[in-house]
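Report on one structure; see the data block that follows.
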Amino acid sequence: SSNNRKISSSMTTTKAQMSQDELKKLVGYKSVDDHVLSGMVVGLGTGSTAYFAVERLGQKLKSGELKDIVAIPTSERTREQAESLGIPLCTLNEKSKLDVAIDGADEVDPDLALVKGGGGALLREKMVEVMAKKFIVIVDESKLCKGLGPGFPLPVEITPFCHEHTARTIAELPSLAGCEAVIRMGSSSTNKPDGDNVAVTDNGNYIVDLHFKAPIKDVNKAASDLKNTVGVVDHGLFVGMSYQVIVAGSDGIRVAGT
Ligand code: 5RP
C-alpha cells in the first residue's frame with residue numbers, strides 16, 4: 001500500500017564527506033527543485049533542514065524561475081524567514097488545499113512514519129502538512145531508524161492547565177509502556193512571564209517529551225491513544241502522511257516512497 005513504502009535506494013548524487021549542514025542543504029534544495037512548480041500553494045516546514053527549502057524557494061522566486069507561489073508557514077520562525085525572503089504568504093484560513101508541503105523530521109521508520117516536533121512546531125506542521133497533496137520529508141540519514149521511539153523523544157503538545165497531570169496520564173497509557181514523560185524547558189526567549197522556565201509553543205501550549213528505551217510497538221495505537229487523551233492538543237507521530245522522503249547520506253541522495 002502507499003502507506004507501506006520501504007526505503008529503496010536509488011543513487012542520484014555522489015558526495016564525499018559532506019557536513020550535516022551540507023546534506024541538509026542538498027535535500028532542502030532538491031525538494032523545491034523536484035516538487036514546486038509555479039502557481040502552487042506550498043507548505044513550509046520548520047527546523048534546520050526545512051530552512052534550506054525555504055531559502056531555495058526564496059531564490060527561485062527572486063530569479064523569476066518560479067511565479068505565483070503562495071506559501072503557508074508552520075511556525076513563527078519560518079514565517080519570519082519566508083517574509084525576509086519576500087515569499088508571499090497566507091494561512092490555512094485563506095487556502096485549505098496545498099499542492100505540496102516540505103519539512104524535516106526527527107525520526108523516519110521503514111514505513112515512512114515520522115517523529116516530529118523536536119523544534120516544538122508539531123501542531124502547525126501537522127495541520128498544514130495533512131492538507132497537502134504531497135508531503136515531502138527531507139532528512140539526512142542520521143534520522144533513519146528501525147523503530148520510532150528510542151532514538152529521539154516523542155514530543156506531545158499539551159494544554160498548560162494541569163500539565164503535570166496530563167503528562168502523568170500520558171505516561172500511564174499502555175500503548176506507551178515504559179516511557180518517561182519530561183516537560184520541556186525553554187530558552188529565555190520562550191519563558192512564561194511568571195519566570196517559570198517551561199517552554200511555550202507558538203500556540204501558547206507546553207510540550208512533554210516522551211523518552212523510550214525500546215521502539216514503540218504499535219505506532220497507530222500509540223497515536224490514537226495520545227489523540228484521545230483529554231489535555232493533549234496533538235502529538236509528534238506523523239503516520240501515513242509522507243508522500244516521499246528524500247534522504248541525504250555520505251553515499252548520495254536516496255528517495256523513498258512515490
Ligand atoms: C520541528 C520539526 C522539525 O522538522 C524536526 O525537529 C527536524 O528538525 P531539523 O531539520 O532541524 O533536524 O518537527 O517541530
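Just so you know, all these numbers are worked out from the coordinates, no wet-lab data involved. In this text, all values refer to a predicted model and were calculated from it rather than measured experimentally. All Cβ positions, glycine included, derive from the backbone under ideal geometry; neighbour counts span all protein chains shown.
List every residue whose amide H lies under 5 Å from the amide H of Asp234, counting only residues 5 or more places away in sequence or on a different chain, with H placed 1.01 Å from N in the peptide plane.
Glu157
Can you sort Ile183, Ile138 by how many other beta carbons sit within 10 Å, fewest first?
Ile183, Ile138
Please list, by residue number, every one of the trypsin sites (Lys or Arg not before Pro) in the stretch 199-258 that is coil in DSSP and has at most 16 other beta-carbon atoms within 10 Å.
Filter output for the stretch 199-258: Lys213, Lys217.
With +1 on each Lys and Arg Cβ and -1 on each Asp and Glu Cβ, how big is the dipole of the chain about its Cα centre, in debye rounded to the nearest 20?
600 debye
Provide the per-residue ³J(HN,Hα) series for the stretch 221-236, in order, calculated from phi with Karplus coefficients 6.51, -1.76, 1.60 and θ = phi - 60°, each as a whole number of Hz, with x at glycine and proline positions.
3J(HN,Hα) across the stretch 221-236, in whole Hz: 5, 4, 4, 6, 5, 5, 4, 8, 8, 5, x, 7, 8, 6, 9, x.
Between Asp218 and Ser250, with labels modelled 7 Å along Cα→Cβ, what's the label distance in nm to one decimal, could you check?
Result: 3.9 nm between the two label points.
Quick check on the chain: helices-only [θ] at 222 nm, where DSSP H runs of length 4 and up contribute -39,500 (n - 2.57) each and the sum goes over total residues. Nearest 500, please.
Rounded to the nearest 500, the figure is -7500 deg cm²/dmol.
Could I have the simple spin-label model distance between Asp68 and Arg168, label points 7 Å from Cα toward Cβ, reported in nm to one decimal?
Taking the simple label geometry, Asp68 and Arg168 are separated by 5.8 nm.
What residue among Asp111, Asp21, Asp99 has the largest mean-square fluctuation in a Gaussian network model of the chain, using Cα springs under 10 Å?
Highest fluctuation of the listed residues: Asp21.
Treating only the Cβ of Lys, Arg, Asp and Glu as charged (+1, +1, -1, -1), what charge dipole size does the stretch 30-97 show about its Cα centre? Round to the nearest 20 debye.
That gives a dipole near 80 debye.
Given springs between every Cα pair under 10 Å in a Gaussian network model of the chain, which of Lys126, Lys62, Lys116 has the largest fluctuation?
It is Lys62.
Among Leu144, Leu154, Leu92, which one shows the highest mean-square fluctuation when the chain is modelled as a Gaussian network with alpha-carbon springs under 10 Å?
Leu92
Quote the relative contact order of the stretch 115-258 in percent (integer), defining contacts as alpha-carbon pairs under 8 Å separated by 6+ residues.
Value for the stretch 115-258: 35 percent.
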